[in-house]
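Written out below as structure tokens is the structure these notes cover.
The values are calculated or read from the model by the stated rules, or taken from the named source; none is laboratory data. Values in this document were obtained by computation on a predicted structure and should not be read as measured data. Cβ: placed from backbone, ideal geometry, glycine included. Neighbour counts: every protein chain shown. These accessible areas exclude ligands, DNA and RNA; they are computed on the full protein's heavy atoms, side chains included. Shrake-Rupley method; radii C 1.70, N 1.55, O 1.52, S 1.80 Å.
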Amino acid sequence: MSGYVGILVSDPWLQNQFTQVELRSLKTHFMSMRRESGKLTLRDLASRMSRLKVVGENLTEEDRAACIQDLYQNLDEEVDFEFFLKVYLKLHAHASARTGSVAKNSSAFLKAATTTLLHTISESEKASYVAHINNYLGEDDFLKKYLPIDPSTNDLFEIAKDGVLLCKLINVAVAGTIDERAINTKRILNPWERNENHTLCLNSAKAIGCTVVNIGTQDFIEGRRHLVLGMISQIIKIQLLADLNLKKTPQLLELVDDSKDVEELMSLPPEKILLRWMNFLLKKAGYKKIVTNFSSDVKDAEAYAHLLNVLAPEYSNPSTLTVKDPLTRAKLVLEHADRMGCKRYLTAKDIVEGSPNLNLAFVAHIFQHRNGLSTQTKQISFLETLPDDTQISREERAFRFWMNSLGNSTYIDNVFEDLRNGWLLLETLDKVSPGIVNWKVANKPPIKLPFRKVENCNQVVKIGKQLKFSLVNIAGNDIVQGNKKLILAYLWQLMRYNILQLLKNLRFHSHGKEITDADILQWANTKVSNSGTQSRMKSFKV
């Protein structure tokens, strides 16, 4: 069998600026951007690169457009993959310089030609996440012999190399995501068992909402610190934001005035709901500014001082709002939080430096500990009118996890709400059957006109018929209207089609031997038996 070659570019210097994981991710983004319009020019890049890490997160569309215009004269020039990589490097350097993430003695963010991108990690973030892991996994039967981890060392990355720690952390964030019998937990794992853990971790991380476009199993094996820490950061963030929805915290209805606002609130991502909650309480406290982020808007610690005074006035210190030094005020804020019983996810220095991840974790934990909301009975009655069928909820969760594991552009919080414009269904269809979607007639969100959503969903139904789905009495408008029964019926057939394609691939790699139910049952029973459990499954019918 021939060796793995990977993605190659003609310029050796350019090739050496990226790992294969980074090249695969960038190639995927590039092909997706070009497929949307059929042709990609320099002028298009400013808006299309918003989904890329660093370049999309730290530069606005106007920043990217201005930078590209300074670098190149002909903005209508068509961009191939290598040209795209060169533009990406220049924008990455510009973004890194603006955020101050480049080493002071370096004029660019690149190392020598034989190395890859320069990546750094935040020691404060590492210490915070290590404390979180020690707290939540310290009593785990398998991990307790390795914990507590010393935050001053790199032991975290060594322990994470076999994949067990991250799998267990995912189950802490979203209980029941991984059947722990599927995790290989022997003291010494062979390469195949370790790879199974990493694959299980990555697929499960995608399913619960992590962005996993720039990390592979080899990164865990090598203990690449910035990627492992980034994964841990996302998992912990999901855990801390888990209560920020109406189902788990109906008191959030106090943030809205009518049913129309409720629908808007239900569609917001958890971070936006957290900001809305914070501003709601700050308004009560008489704070005049609006907090729009967990970085620059909280650096002076004034917002925190007002927030904690509203939530726990019994522990307030009058001098917190009178001191002029932000660092001193931040220290007083943390002392206030300590008296409330809140865990410390950051230091006073992290507050004044505007660390977005740690500030988000700090506010989310405050919300979990004490949210300060008191909903009236008549408001809670609105939620009682929402259907809560156990079977539908279970099926929705399974389909949601499956779709999220495919790595679509947007995380799906609720399939009945998030699929109504048809775009994510088209993305899923394109993942399951590449090239089947006609992107030229698809309408990309945000979609304001209802008939545009219907057009997308009509194409979804049309493609379903091409794939021989049974779609009797299903029209595009049914998906737009959020018809639960019909959406579940479509998703079941789509997931079944995907699994059948997988089995065909397995048949190809097993030299033509057809994979049967008996083969799958034997594999499943072997895995269960190896975990030390005696139960067996005889068929899929009972």
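Taking into account only those residues within the range 467-524 that are at pLDDT below 75, of a type in the set (D, E, K, R) and not in a helix (DSSP H, G or I), which is farthest from Ser539 (Cα to Cα)?
Across the range 467-524, the extreme among qualifying residues is Lys513.
Kindly list, by first and then second residue, each pair from a residue in the range 387-406 that is farther than 16 Å from Ile170 by Cβ and modelled with pLDDT under 85 to a residue that is among the polar types (S, T, N, Q) and assigned to a loop (DSSP other than H, G, I, E, B), limited to pairs with Cβ atoms under 8 Å and residues at least 6 apart or on different chains.
Between residues of the range 387-406 that are farther than 16 Å from Ile170 by Cβ and modelled with pLDDT under 85 and residues that are among the polar types (S, T, N, Q) and assigned to a loop (DSSP other than H, G, I, E, B), the close pairs are Glu396/Asn414.
If we keep just the residues of the range 147-168 that are farther than 22 Å from Tyr345 by Cβ and of a type in the set (D, E, K, R), which is most open to solvent (accessible area, probe 1.4 Å)?
By that ranking, first place goes to Glu158.
Please enumerate the residues belonging to the range 349-386 that are at pLDDT 80 or above and open to solvent by 50 Å² or more (accessible area, probe 1.4 Å).
Passing the criteria: Lys349, Glu353, Pro356, Asn357, Gln368, His369, Arg370.
So, Thr410, is that one at pLDDT 90 or above and under 25 Å from the mean Cα position of the chain (by Cα) or not?
No: the conditions fail for Thr410.
If I filter the range 124-146 for residues that are within 25 Å of Lys248 (Cβ to Cβ), of a type in the set (S, T, N, Q) and open to solvent by 50 Å² or more (accessible area, probe 1.4 Å), do I get at least one hit?
So far as the range 124-146 goes, yes, one or more of its residues are within 25 Å of Lys248 (Cβ to Cβ), of a type in the set (S, T, N, Q) and open to solvent by 50 Å² or more (accessible area, probe 1.4 Å).
So which helices (runs of 4 or more DSSP H) are wholly in the range 238-338 and hold at least 3 residues that are open to solvent by 50 Å² or more (accessible area, probe 1.4 Å)?
Qualifying helices (runs of 4 or more DSSP H): 259-267, 270-284.
I'd like the full set of residues that are part of a loop (DSSP other than H, G, I, E, B) and closer than 18 Å to Asn477 by Cα, limited to the range 415-441.
Leu419, Arg420, Asn421, Gly422
Looking at the range 422-437 only, could you name the residues that are in contact with a helix residue (DSSP H, G or I) (Cβ under 7 Å, 6 or more places away or on another chain) and modelled with pLDDT of 90 or more?
Those that are in contact with a helix residue (DSSP H, G or I) (Cβ under 7 Å, 6 or more places away or on another chain) and modelled with pLDDT of 90 or more: Gly422, Trp423, Leu424, Leu425, Leu426, Thr428, Leu429, Ile436, Val437.
If we keep just the residues of the range 12-39 that are modelled with pLDDT of 70 or more and in a loop (DSSP other than H, G, I, E, B), which is nearest to Leu227 (Cα to Cα)?
Thr19
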